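Okay, structure first, notes after.
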Amino acid sequence: MTPTHEILAALDLTGVDHVNMRWSGVDATIVYTPDRAEFERRQIEGHPSVTRLDWLSLLMNLPHGHPVPFSSFRPAEHRDLDRMPLGTVDITPAGFVRRLTHPLHVELAIVHGHQWKPGLGRASRFAPYCRRALVLAGKPKPAVLQQAAIVADFYSIGLIVNEARGPRVVVRPDDFTKYWHTPAGWKFLEEVYQRALGCARLVNGTAP
């Protein structure tokens with residue numbers, strides 16, 4: 001498998017943060033930019049993270065940093081907000097105040113594959129969240145590579161192949177535009193955050 005740092009260099013992404021993780025049944029390298037202020041705030045609060053979709057849906061309806069009166073919530077919602085991890089919401093005289101916000105921005109998901117059709121299919125699972133790229137193993141025949149490049153370009157997925165001098169970018173991943181925010185999208189960011197936090201703890205010699 002091509003070393004990650006060589007792939008990132010070919011994509012002009014040297015020096016960025018990345019983690020390896022499994023999402024929606026697909027193993028991928030996730031390239032991200034952390035929100036340093038939110039990372040530091042969460043560190044002080046004990047690294048809170050929320051991955052329950054119903055809780056994230058509730059949090060999305062709270063403006064960040066502004067109180068929402070208790071009377072605005074149904075009893076079940078009130079109980080859920082009370083149960084969330086420390087540092088997620090504050091309980092103030094004026095109501096609930098959401099403190100949790102997106103911990104990072106995902107730049108790219110990199111998927112590896114031996115065949116371009118299933119590889120592009122796996123990369124497409126990240127379509128709602130970020131740019132995608134497929135790294136093809138081996139040396140595909142020119143006709144096969146041409147067909148793969150056409151399809152990859154159509155679906156805005158980057159395509160990278162290995163050469164003697166290192167990885168070559170055949171199709172660059174297009175820019176990503178997020179048209180709406182969803183609980184699933186926020187959950188993805190929280191999962192990446194948890195993985196990044198676990199890797200950092202391993203590097204520092206402690207268990208995640």
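At a glance:
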{"read-out": "Complete set of residues in region 37-51 that are free of Cβ contacts under 8 Å to residues at least 60 places away in the same chain, at negative phi and part of a loop (DSSP other than H, G, I, E, B)", "value": "P48"}
{"read-out": "Of residues in region 55-86 being more than 27 Å from R132 (Cα to Cα) and among the hydroxyl-bearing types (S, T, Y), the one surrounded by the most Cβ atoms within 10 Å (Cβ to Cβ)", "value": "S72"}
{"read-out": "Count of region 74-92 residues which are over 23 Å from G185 (Cβ atoms) and in contact with a strand residue (DSSP E or B) (Cβ under 9 Å, 6 or more places away or on another chain)", "value": "5"}
{"read-out": "Residue check, D90 assigned to a strand (DSSP E or B), free of Cβ contacts under 8 Å to residues at least 24 places away in the same chain and more than 24 Å from the chain's Cα centre (by Cα)", "value": "yes"}
{"read-out": "Some residue of region 110-124 being under 22 Å from the mean Cα position of the chain (by Cα), at pLDDT below 95 and open to solvent by 50 Å² or more (accessible area, probe 1.4 Å)", "value": "no"}
{"read-out": "Some residue of region 36-54 being closer than 30 Å to I160 by Cβ, open to solvent by less than 70 Å² (accessible area, probe 1.4 Å) and not polar (S, T, N, Q)", "value": "yes"}
{"read-out": "Number of the condition not met by G95 [criteria: (1) open to solvent by 10 Å² or more (accessible area, probe 1.4 Å); (2) touching a strand residue (DSSP E or B) at 6+ places or on another chain (Cβ under 9 Å)]", "value": "(1)"}
{"read-out": "Selection from region 22-35 of residues that are surrounded by fewer than 17 Cβ atoms within 10 Å (Cβ to Cβ), closer than 24 Å to L11 by Cα and hydroxyl-bearing (S, T, Y)", "value": "T33"}
{"read-out": "Residue tally, condition among the charged types (D, E, K, R), within 20 Å of W55 (Cβ to Cβ) and open to solvent by 30 Å² or more (accessible area, probe 1.4 Å), over region 149-198", "value": "3"}
{"read-out": "Candidate set: region 126-148, residues that are open to solvent by less than 20 Å² (accessible area, probe 1.4 Å) and in contact with a Phe, Trp or Tyr (Cβ under 9 Å, 6 or more places away or on another chain); chosen: the one nearest to V111 (Cα to Cα)", "value": "L134"}
{"read-out": "Hits in region 15-62 (condition: among the β-branched types (V, I, T) and under 17 Å from the mean Cα position of the chain (by Cα))", "value": "V16, V19, V26, T29, I30, V31, T33, V50, T51"}
{"read-out": "Pairs, first more than 16 Å from V171 (Cα to Cα) in region 1-17, second of a type in the set (D, E) and at pLDDT 90 or above, C-beta under 7 Å, six or more apart", "value": "V16/E107"}
{"read-out": "Sole exception among (1) out of contact with any helix residue (DSSP H, G or I) (no Cβ under 9 Å at 6 or more places or on another chain); (2) part of a strand (DSSP E or B); (3) polar (S, T, N, Q) for N20, by number", "value": "(1)"}
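Residue-by-condition table, conditions (1) over 24 Å from L197 (Cα atoms); (2) in contact with an Asp or Glu (Cβ under 6 Å, 6 or more places away or on another chain); (3) not in a strand (DSSP E or B):
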residue: L59; (1), (2), (3): no, no, yes
residue: A76; (1), (2), (3): yes, no, yes
residue: P85; (1), (2), (3): no, no, yes
residue: V97; (1), (2), (3): yes, yes, no
residue: H102; (1), (2), (3): no, no, yes
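The values are calculated or read from the model by the stated rules, or taken from the named source; none is laboratory data. Values in this document were obtained by computation on a predicted structure and should not be read as measured data. No Cβ is skipped: glycine too gets one built from the backbone with ideal geometry, and neighbour counts run over all protein chains shown. For the accessible areas, the whole protein counts, side chains as well, though only heavy atoms, and no ligand, DNA or RNA atoms are used. Shrake-Rupley method; radii C 1.70, N 1.55, O 1.52, S 1.80 Å.
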